[in-house]
1. Over region 1-79, with every protein chain in place, what whole percent of the accessible area is carbon and sulfur at 1.4 Å, could you tell me?
2. How far, in nm, would the chain grow between R26 and V77 when pulled straight, counting 0.36 nm per residue and subtracting the alpha carbon separation?
3. Not counting ligands, DNA or RNA, and with a 1.4 Å probe, what is S39's accessible surface area in Å² rounded to the nearest 10?
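The values are calculated or read from the model by the stated rules, or taken from the named source; none is laboratory data. Fair warning: this is a prediction, and the values are worked out from it, not measured in the lab. For the accessible areas, the whole protein counts, side chains as well, though only heavy atoms, and no ligand, DNA or RNA atoms are used. Shrake-Rupley method; radii C 1.70, N 1.55, O 1.52, S 1.80 Å.
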Amino acid sequence: MPCYLCGARPSDPAGGGEPWKRGVRRERQVLICPDCLVSRDWKADLDRCGCCRSTFLISRLGEIECHGCGEVRPQAVSAVEPPRVDAALTNEVEQALSRVLSGLAGPRVRR
Ligand SMILES: [Zn+2]
Ligand SMILES: [Zn+2]
């Protein structure tokens, strides 16, 4: 995962070098490279724990865990993948759309 601020990728994923900061932004796991840690106001951007205000959050499947106090909360629904559009709903929308379109075209055709 690249740094979410500058797009840099960890040079050595196996470890070593400057530590990368893990955090959660808008319910999603992000990484911040050592350069951005010192040069950017990344704390203002990250989600915070509701209990201890720590930015040391880890996003897991469906939940956010705080490594400051151990609080685990469910991930907000908005971050979860959008549900697949229902085929019936799509049909309805298409029908409504075609009704609108034929309504618009109607007067011209009759003239
Ligand atoms: Zn960076
Ligand atoms: Zn906490």
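1. 50 percent
2. Fully extending the segment from R26 to V77 adds 17.3 nm.
3. Accessible area, nearest 10 Å²: 90 Å².
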